[in-house]
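Note sheet for the following structure.
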2 protein chains.
Amino acid sequence: MAARVTTTDRVLASLRESILSGEFPAGSLHSIYRLADLLEVSRTPVREAVLRLADLGLVTIERNRGVRIRGVSVTDVRSVFELRLMIEVPAAAYAAAHATDDDVRLLEAELDGMRDAATAGDESAFTVHDRALHETIGAVLGNQRAQHEVAALRDSIQTRGASTLHRSRGMPEILGEHVPIVTAIAARDATAAARHMEEHLVSTASLLMAQAATPDDPAPESGWADRLRPHLYVPDGAASPPE
Amino acid sequence: MAARVTTTDRVLASLRESILSGEFPAGSLHSIYRLADLLEVSRTPVREAVLRLADLGLVTIERNRGVRIRGVSVTDVRSVFELRLMIEVPAAAYAAAHATDDDVRLLEAELDGMRDAATAGDESAFTVHDRALHETIGAVLGNQRAQHEVAALRDSIQTRGASTLHRSRGMPEILGEHVPIVTAIAARDATAAARHMEEHLVSTASLLMAQAATPDDPAPESGWADRLRPHLYVPDGAASPPE
DNA sequence: AGCAGCGAGACTTCATGCAATCCCCTCGTC
DNA sequence: GACGAGGGGATTGCATGAAGTCTCGCTGCT
């Protein structure tokens, strides 16, 4: 099963990396020709990779113009994070209810990794551990399809330096949002885990939306997440009545 | 913006239809050559379409063997429906809380369509209205990405005659599961809408899992959905304590 | 100065060639 | 009779050619 790595895969990974790292700025226009020339392969694998990227929503193909790197709009961020809320909040609650001691140890290890990276000022490592932490929480549920979906959602908005790192929050703040999630899971408190995961995602989304906002693309309302909130997960007390 | 329909798109749609309709049985092996010959196009658009189908999980590409039509395993059904629960249950609750009168009218129209198709014995039309009903509920949320994802999830397991129609349930039973959902939305009762949507999805998933079960692929446990249930949406009373 | 029409360039898109790879079947040997 | 090796055949995967189509800039006219 050593799925031999094909040229298309390498091109796909390379392009994805170039887009996510910001080497290809959002809105820029490229052609299959130039990309093929740049990567020193023929146009076919490039075309196939671009088609798949278009499916993932990272680029759009403009007929007879080229492929344009998609920027993230406020609506994009909102759509993605609503989905992440719908998936990751229940996942966090489930993890709290069903995590083994080994799972908890893994979570705390990732948290330590984030802490170390934060003190070392290593943003790259910090992001890696951040991602791994979320994936470890999702892994408790054991739904590979959900895992893959969350990863795709994450990719689709992490274009460019659209990380929240530089502009808005520092690593300590982000770390601070993750700590209570892990603490709640370790305490087997599903309610708290869900609440903290929700707060983390909403916080991140709000900042990303503020970054993506432009004069015409309307600024995000403050309580944007409330519309979904009462229907997501009700931590304590009775289910909130409709409206 | 009249996105000209390209050959690849037509091939993709055609193959998808052939797989979903059961014309290409699950597990069967085809080659790009034969498919291209069959559809009277060259191998390139067929290859591109197949790659996208592989991304969607409908087929797997076996190197130097051909493309194999993926059957659905019990695990597949479970993964897909867990995700659908996480998305569609909140969506139903949200729809109940925020649907306009026009939305409700649309829902009832689709329900009528299902009823007519049921009495006429038209399974194809019934399926169309079933799908449209779910999409209309999702449309109230207005999250296109979520809509698209649900559609993809639906496709990925509706391979073959894996509809629940023939073997297990008749159209009246399925219709009967949809009626209370629409009723609850019309009554603006989010709690009931969520509960009925959940019951519908769990019921459908259980039947599909029973169909997909084989001697070695373990039969689905009865209370399989319970593990997620307390973390999904808590209709009434306090949140269930973590275990 | 502004606008319309036209031509050249470029890009996507589909078709086909070609090589490398892998499976399977047969034949030979133990 | 069983096991292993080798060859034929088929398939994927990459490269390149050819054609159709759209965009953009230039030129000429108003």
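At a glance:
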{"read-out": "Of residues in the range A:49-66 being of a type in the set (Gly, Ala, Ser) and within 11 Å of chain B (Cβ to nearest Cβ), the one nearest to A:Ser156 (Cα to Cα)", "value": "A:Gly57"}
{"read-out": "Criterion: part of a helix (DSSP H, G or I), closer than 29 Å to B:Pro90 by Cβ and in contact with a strand residue (DSSP E or B) (Cβ under 7 Å, 6 or more places away or on another chain) - qualifying residue of A:Ala54, A:Ala91", "value": "A:Ala54"}
{"read-out": "Hey, B:Thr7 within 14 Å of DNA strand C (Cβ to nearest atom), within 11 Å of chain A (Cβ to nearest Cβ) and under 18 Å from A:Ala54 (Cβ atoms) or not", "value": "no"}
{"read-out": "Sole residue being among the polar types (S, T, N, Q) and assigned by TED's automatic domain parsing to the domain that holds B:Gly223, chosen from B:Ser21, B:Ser79", "value": "B:Ser79"}
{"read-out": "Of residues in the range A:30-86 being of a type in the set (S, T, N, Q) and within 9 Å of DNA strand C (Cβ to nearest atom), the one surrounded by the fewest Cβ atoms within 10 Å (Cβ to Cβ)", "value": "A:Asn64"}
{"read-out": "Checklist (1) of a type in the set (D, E, K, R); (2) more than 11 Å from DNA strand D (Cβ to nearest atom); (3) farther than 30 Å from A:Arg65 by Cβ applied to B:Asp9, failing item", "value": "(3)"}
{"read-out": "Leading residue by the ranking (farthest from A:Gln158 (Cα to Cα)) among those in the range A:12-48 that are acidic (Asp, Glu) and within 9 Å of DNA strand D (Cβ to nearest atom)", "value": "A:Glu40"}
{"read-out": "Close pairs (7 angstrom Cβ cut-off, 6 or more residues apart or separate chains): outside any loop (DSSP other than H, G, I, E, B) in the range A:7-22, among the polar types (S, T, N, Q) and more than 16 Å from DNA strand C (Cβ to nearest atom) anywhere", "value": "A:Ile19/A:Thr159; A:Leu20/A:Gln158; A:Leu20/A:Thr159"}
{"read-out": "Looking only at the range A:87-124, and only at residues there that are of a type in the set (Val, Ile, Thr) and loosely packed, with under 15 Cβ neighbours inside 10 Å, the one that is farthest from the other protein chains (Cβ to nearest Cβ)", "value": "A:Thr119"}
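Table: residues versus (1) at pLDDT 95 or above; (2) among the basic types (Lys, Arg); (3) out of contact with any Asp or Glu (no Cβ under 9 Å at 6 or more places or on another chain).
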| position | (1), (2), (3) |
| --- | --- |
| B:Ser73 | no, no, no |
| B:Val77 | no, no, yes |
| B:Leu107 | yes, no, yes |
| B:Ala118 | no, no, yes |
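The values are calculated or read from the model by the stated rules, or taken from the named source; none is laboratory data. Quantities reported herein were computed from a predicted structural model and do not represent experimental measurements. Cβ: placed from backbone, ideal geometry, glycine included. Neighbour counts: every protein chain shown.
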